[in-house]
There are 2 protein chains.
Amino acid sequence: MSLRRISILGVGLLGGSAGLACRSRLSGCEIIGYGHRTQTLESALRLGAITSAATDPRLAVEGADLILLCTPVARLAPLLTEIAAGLKPGAVVTDVGSSKRTVVEAGERMLPIHAHFVGSHPMAGSEKRGVEFARADLFENALCLITPTDHTSPQALKEVDEFWQTLGMRITHLSPAEHDRRLAEVSHLPHALAAAMVSMADRESLDLAGKGFIDLTRIASGDGGLWRDILLDNRDNVLGSIDKLRAVLAELETLISRGDSIALKDWLDSAAARRAEMVERRMM
Amino acid sequence: MSLRRISILGVGLLGGSAGLACRSRLSGCEIIGYGHRTQTLESALRLGAITSAATDPRLAVEGADLILLCTPVARLAPLLTEIAAGLKPGAVVTDVGSSKRTVVEAGERMLPIHAHFVGSHPMAGSEKRGVEFARADLFENALCLITPTDHTSPQALKEVDEFWQTLGMRITHLSPAEHDRRLAEVSHLPHALAAAMVSMADRESLDLAGKGFIDLTRIASGDGGLWRDILLDNRDNVLGSIDKLRAVLAELETLISRGDSIALKDWLDSAAARRAEMVERRMM
């Protein structure tokens, strides 16, 4: 790969970690950071996550081979408009958003003909926020979902694949629609559900919770604004998943009310087995 | 405390860990283990979790000061019948079950007048099973819920409190009814929900799940038979919690369908704050 200049727009946990990873794995590559708060940019410079800073997104992308959008989901479309005129011919733009249909559609519509958009969703992060928590190894061995469409440039796709692989990630391709449908089930609804579990119990009950509940609700610590954006951006799929969950709860309710001891054990055993298989597949 | 002989009925993860903890913290105390599989008893002896073994529960409790019932919830009542005639005057019987009304009622009804039952629920464990995973420090710094009633002997309660404190646990008293109501919300339903989340996603979606989903569903790896017993034993409260969850899901659904950006962020932020407070309280 011959990336000589990378722009990172939004230098929080993900953007900062991408910067640190690029610095350690792409020698000689310039990393321009953009953020609307100068304090964040100063921290990113001090931590070595970027090599220079810009407070204007259009200036930040000038001459860049690869532009990485690391802002919250709701900020992606406005940002694409702001940078469009600054992109050099052949520039490749990608993002790290948790929902993909909207941003991919916006990227393909708003970028000039000489630049290319490819959607990415690196499955890495933590409930912590801010460049102070950035780590060069955040992406290592994690999965990156990349969402090409019929309009995606094969060359740009290859470059984005290689970029995330250079950062240590495993790659999977799927369409933006399939991404959003599947992620609603294994990420977006689970997040909302963790929040629901915390919301429905009073303080006295929460204080009786064990380690299992702490693990179960860890993702409820995420930033409300970021998750609100994701749930609303992917609302049709999230609402569909709520319906699906309601049907599963009704099934569980029937097994419990009937005292159907055998079927209830089967249901629980089968979930345990599915989870064990899932964990085993990712060890391979 | 002057415990000279303790009987542990059921030497799996919890019983075995209690045995190891007693061996290291109650010097000179005999630990009699009972189990229906001789192989398990041999392992427990070899690992030093018990000092002698018995395959008849009634013989196992003879002369014991404290009897710890560590079998699955559904086996507790039959076991109480089997040991009743073998208990010495002043013997104190307690258990480690995750639901408390049934076992406490059975203990108070079935034991002879010269023996005492006190319900315990040490909030320790793991999704692993078996004496091979037993650890002397399993109970350290964890919470033990103890469920006295109007019929509980104050002296027996004091002995049970001190026993778990000797094993390093923090103690909370609450009634069996309050225990079962609160635990349905922060343990029993969450377990079923983790299983539901795994059940509703197909294999392809599960393979796209990130660390958050792995954490969220960890408790779904528990033993199906054990959890079936708990869900059925506490069925009224579990069904009540499912209703409560359904109401919270309906609220969430409304916020998402309306695209009520401000209220949805507030709802998510408030859950994150409640969880942060919960975690902070337990650090104190």
Going through A:ILE230, A:ILE219 one at a time, which residue ends up being crowded, with 21+ Cβ neighbours inside 10 Å, within 30 Å of B:LEU145 (Cα to Cα), aliphatic (A, V, I, L, M) and under 14 Å from the mean Cα position of the chain (by Cα)? A:ILE219
Which residues, taken from the range A:37-51, are crowded, with 20+ Cβ neighbours inside 10 Å and within 26 Å of A:LEU231 (Cβ to Cβ)? A:THR40
Which listed residue is within 7 Å of chain B (Cβ to nearest Cβ) and either touching a Pro at 6+ places or on another chain (Cβ under 7 Å) or farther than 30 Å from A:ILE6 by Cβ (or both), from A:LEU255, A:LEU226, A:LEU216, A:LEU189: A:LEU216
Is at least one residue of the range A:157-167 touching a helix residue (DSSP H, G or I) at 6+ places or on another chain (Cβ under 8 Å), of a type outside the set (Phe, Trp, Tyr) and more than 12 Å from chain B (Cβ to nearest Cβ)? yes
Looking only at the range B:85-98, which residues are over 15 Å from B:ILE32 (Cβ atoms) and either in a helix (DSSP H, G or I) or charged (D, E, K, R) (or both)? B:ASP95
Here are B:ALA74, B:ALA54: which of them is within 22 Å of the chain's Cα centre (by Cα), within 24 Å of B:GLU132 (Cβ to Cβ) and surrounded by fewer than 19 Cβ atoms within 10 Å (Cβ to Cβ)? B:ALA74
Can you tell me how many residues within the range B:21-36 are part of a helix (DSSP H, G or I) and buried (at least 22 other Cβ atoms within 10 Å of the Cβ)? 2
Given the conditions (1) surrounded by fewer than 15 Cβ atoms within 10 Å (Cβ to Cβ); (2) within 28 Å of A:ARG282 (Cα to Cα); (3) in contact with a Leu (Cβ under 8 Å, 6 or more places away or on another chain), which single one is not true for B:ALA263? (2)
Based on what the data block shows, is B:ARG235 charged (D, E, K, R) and facing chain A (nearest Cβ under 7 Å)? yes
Pick out the one residue from B:ALA85, B:ALA115, B:ALA124 that is within 17 Å of B:GLN165 (Cα to Cα) and among the hydrophobic types (A, V, I, L, M, F, W, C). B:ALA124
B:LYS244: passes all of (1) more than 30 Å from B:GLU140 (Cβ to Cβ); (2) without any contact (Cβ under 8 Å) to a residue 24 or more places away in the chain; (3) within 8 Å of chain A (Cβ to nearest Cβ) but (2)
Within the range A:251-260, can one find any residue that is within 26 Å of B:GLY240 (Cα to Cα), in a helix (DSSP H, G or I) and touching a residue at least 40 places away in the same chain (Cβ under 8 Å)? no
Determine the pairs where a residue that is outside the structural domain of A:GLY97 (by TED's automatic domain parsing) and within 16 Å of A:PHE133 (Cα to Cα), located within the range A:5-26, has a partner that is of a type in the set (D, E, K, R) and buried (at least 23 other Cβ atoms within 10 Å of the Cβ) with Cβ atoms under 7 Å apart, the partner being 6 or more residues away or on another chain. none
Taking the criterion of being within 13 Å of another protein chain (Cβ to nearest Cβ) and either assigned to a helix (DSSP H, G or I) or small (Gly, Ala, Ser) (or both), would at least one residue in the range B:144-156 satisfy it? no
Just name the residue that is farthest from B:ALA156 (Cα to Cα) out of those in the range B:67-84 that are part of a loop (DSSP other than H, G, I, E, B) and at pLDDT below 95. B:PRO72
For the range A:200-216, which positions are surrounded by 21 or more Cβ atoms within 10 Å (Cβ to Cβ) and either without any contact (Cβ under 8 Å) to a residue 12 or more places away in the chain or within 17 Å of A:LEU76 (Cα to Cα) (or both)? A:ALA201, A:LEU206, A:LEU208, A:ALA209, A:GLY210, A:GLY212
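This table checks each residue for (1) in contact with a Ser or Thr (Cβ under 9 Å, 6 or more places away or on another chain); (2) more than 14 Å from B:ARG182 (Cβ to Cβ); (3) more than 7 Å from chain B (Cβ to nearest Cβ).
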position	(1), (2), (3)
A:HIS179	yes, yes, yes
A:MET197	yes, no, no
A:ASP202	no, no, yes
A:SER205	no, no, no
A:ALA209	yes, no, no
Check the range A:89-103 and report whether any residue there is among the acidic types (Asp, Glu) and either surrounded by fewer than 22 Cβ atoms within 10 Å (Cβ to Cβ) or touching a residue at least 40 places away in the same chain (Cβ under 8 Å) (or both). no
Return yes or no: is A:ASP243 surrounded by fewer than 21 Cβ atoms within 10 Å (Cβ to Cβ), more than 19 Å from B:LEU216 (Cα to Cα) and under 19 Å from the mean Cα position of the chain (by Cα)? no
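The values are calculated or read from the model by the stated rules, or taken from the named source; none is laboratory data. Predicted model only: the values in this text are computed from it and were never measured. Glycine also receives a Cβ, built like all others from the backbone with ideal geometry; neighbour counts cover every protein chain displayed.
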